[in-house]
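Read through the structure below, which is laid out as structure tokens, and then see the notes.
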Amino acid sequence: MKTVLNLSFLLLFFTSTFAQKTKLADPKKYASTITAADLSKHLYIVAGAEMEGRETATEGQRKAAAYIENHFKSLGLKPAIKESFQQFFPVYKDEPGKTELVLNGKPFEAYKDFSPVSQWNKSATDYFSELVFVGHGIVDQGVDDYAGVNVSGKLVLLLDGAPSGFKPSVPGFRSSMSMYGKITAAREKGAAAVIITGTGFPRKEPLGAGNQYVDLYKAVQFPNTFIVSDATANAIVGNDSSWKAWKEAAKSGKVEKTSITANLQLGYAKKIIQLESSNVLAYLEGSDKKDEWLVLTAHYDHLGKRGDVIYYGADDDGSGTVGILEIAEAFVKAKAEGKGPRRNVMFMAVSGEEKGLWGSEYFSDNPSIPMDKVTADLNIDMIGRTDTERTSADTLNYVYVVGDDKLSSELKPISEGANKKYLNLVLDYKFNDPNDQNRIYYRSDHFNFARKGVPIIFYYDGMLQADYHKPTDTPDKINYPLLAKRAQLVFYTAWEMANREAMLKRDIPLD
């Protein structure tokens with residue numbers, strides 16, 4: 001019994017001593033390996049012409065995935081999806097076919113008089129003997145353009161825009177006055193199909209395959225929707241003076257719902273092509289806490305090509321991607337010298353972010369690791385340039401930090417402590433405001449970890465008005481010393497979380 005106790009004591013002593021040494025090891029030597037030169041070398045490849053803008057489910061994306069996987073393999077990292085470094089997920093793409101709008105036997109010309117909303121339309125031909133005009137079709141706080149009328153199973157006619165002075169309760173894409181908002185409201189009211197007036201006719205007919213999506217199977221379908229020119233809407237109404245009067249009345253929001261008798265044939269056809277994309281995942285094994293994880297993420301996809309024009313995506317998010325590659329290398333070098341992390345550290349480059357956070361959503365719904373054992377996700381999305389709207393003197397020494405106070409009371413002190421100890425960057429919380437109109441917290445891959453309860457930090461450089469989502473986001477415009485400094489901050493923060501005694505508390509309720 002005494003011998004067993006002595007052995008147990010020695011084992012406990014050496015384990016404790018090892019853990020303390022690992023935790024207290026100075027990470028500066030390894031952070032210094034994250035250099036401007038190495039980041040530049042990687043980025044000129046990842047955001048180079050050969051990668052063709054890395055659009056999800058394209059050859060360019062597959063080339064980028066192969067480059068990232070090969071780098072992880074060269075470091076000796078382990079595959080994080082059984083024996084694979086890539087987690088594949090299905091992507092669907094529409095190949096549009098014939099579309100038609102026929103009024104009382106008279107066909108209208110596609111893209112000259114009307115155009116289908118291909119993003120949400122399904123293959124169908126519908127025949128209606130009447131339609132209902134409901135003004136702008138807005139449903140919002142205190143406003144319901146469908147009040148007093150039943151449109152279930154019917155075709156509705158809507159005006160684009162909104163009444164004078166109207167302010168939606170939610171801005172942007174999901175606004176009640178956006179096309180998405182109006183189609184969603186029509187669906188909730190039971191409309192079978194929607195016609196919305198629009199501008200810009202005649203329009204260019206789309207070339208080749210079109211919209212991509214991942215949600216092929218839906219619990220509820222959108223009604224097929226068509227945008228029509230003002231002249232086409234006038235023809236459908238069949239009365240010039242009435243149409244002018246209705247549009248004028250709609251400016252003040254005082255529209256009388258009106259049924260219009262007309263035989264309308266609305267048709268849309270498409271072929272669905274199945275593709276695939278992938279997340280690239282690898283991990284460094286921990287020492288005494290191998291059942292726990294720290295995850296670092298960045299999305300490697302961008303917008304691809306439009307004709308012969310390449311959208312390089314050097315900052316968005318080539319900068320975050322190469323940051324992950326260099327941070328992984330720093331951790332590996334530390335482990336090679338006996339200072340490896342206590343927890344497993346997963347390095348994840350995801351795709352489909354630009355399409356709607358697809359890759360991170362797929363991983364969070366099909367995780368290869370238990371999400372309740374993930375201490376945190378550190379997500380990097382654009383850290384290579386400076387905010388063109390920023391005028392303060394710290395322009396070359398800041399990073400925006402988002403989400404560090406949302407799920408764990410321990411996360412922000414760790415983040416700020418690591419920064420103060422090693423770098424003294426200005427940590428700007430501008431986009432951490434819950435009332436932020438840009439909704440940055442919801443717009444990158446960390447959100448799919450947060451919705452599963454995982455504490456997160458999102459690192460971001462801000463609004464690049466001249467180059468954001470434009471072909472001019474190129475590697476030559478990156479501030480590589482600043483990129484290196486920000487990537488080092490992520491490394492130092494990750495180092496603390498990978499080696500601390502306990503996982504982060506999840507003591508703030510998920511909103």
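Values in this text are rule-based calculations from the coordinates and carry no lab data. Since the model is a prediction, treat every value here as computed from it, not as a measurement. Virtual Cβ from ideal backbone geometry, glycine too; neighbours counted across all protein chains shown.
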Residues in the range 147-170 that a label on Ser242 would reach, taking backbone N under 17 Å of a point 7 Å out along Cα→Cβ: 155-159
Whether the chain is rounded, prolate or oblate, judged on the alpha carbon gyration tensor where a/c under 1.5 counts as rounded: prolate
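Which of the DSSP-defined H helices in the chain satisfy a minimum axial length of 27 Å, computed from C-alpha atoms, and a minimum mean Kyte-Doolittle hydropathy of -0.5?
Within the chain the helices that satisfy the rule are 2-24, 480-499.
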Burial ranking of peptide ranges 118-126, 478-486, 104-112 (average Cβ count within 10 Å, highest at the top): 478-486, 118-126, 104-112
Nonlocal amide H pairs with Asp160, under 5 Å, H built at 1.01 Å: Thr197
Farthest positive-ward along the chain dipole, Cα basis, beta-carbon charges - from Tyr146, Ser351, Ile324: Ile324
Distance (nanometres) between label positions extended 7 Å along Cα→Cβ at Tyr180 and Gln265: 3.4
Debye, to nearest 20: dipole size of the chain, +1 on Lys, Arg Cβ, -1 on Asp, Glu Cβ: 820
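Once you keep just the Cα pairs under 8 angstrom separated by 6 or more residues, what percentage relative contact order results for the chain?
In percent, rounded to a whole number, it is 21.
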Burial ranking of peptide ranges 293-300, 362-369 (average Cβ count within 10 Å, highest at the top): 293-300, 362-369
Candidates per chymotrypsin sites (Phe, Trp or Tyr not before Pro) in the range 197-241, loop by DSSP, up to 12 other Cβ within 10 Å: Tyr217
For the range 94-272: rounded, prolate or oblate by the Cα gyration tensor [a/c cutoff 1.5]: oblate
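Which percentage, to the nearest 5, of the DSSP beta bridges contained in the chain is antiparallel? Could the numbers behind the result be given before it?
Working: 48 of 82 bridges.
Around 60 percent of the beta bridges assigned by DSSP in the chain are antiparallel ones.
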Dipole of the chain [Lys/Arg +1, Asp/Glu -1 at C-beta], most positive-end residue of Leu103, Tyr422, Leu504: Leu504
Per-residue ³J(HN,Hα) for the range 402-408, Karplus 6.51 cos²θ - 1.76 cosθ + 1.60, θ = phi - 60°, Hz, x for Gly and Pro: 10, x, 6, 10, 8, 10, 9
Asp433 versus Asp365: modelled label distance in nm, points set 7 Å from Cα along the beta carbon direction: 3.4
Gain in span if fully extended, Thr391 to Lys98, counting 0.36 nm per residue against the direct Cα distance: 100.3 nm
Residue-averaged [θ]222 nm for the chain, counting only DSSP H segments that reach four residues, each worth -39500 (n - 2.57): -9000 deg cm²/dmol
Over 27 Å (Cα to Cα) - which of Lys251/Lys355; Lys305/Lys406; Lys73/Lys485; Lys182/Lys251; Lys189/Lys254 fall in this group: Lys251/Lys355; Lys305/Lys406
Computed lengthening from Asn70 to Lys254, 0.36 nm per intervening residue step minus Cα-Cα distance: 60.0 nm
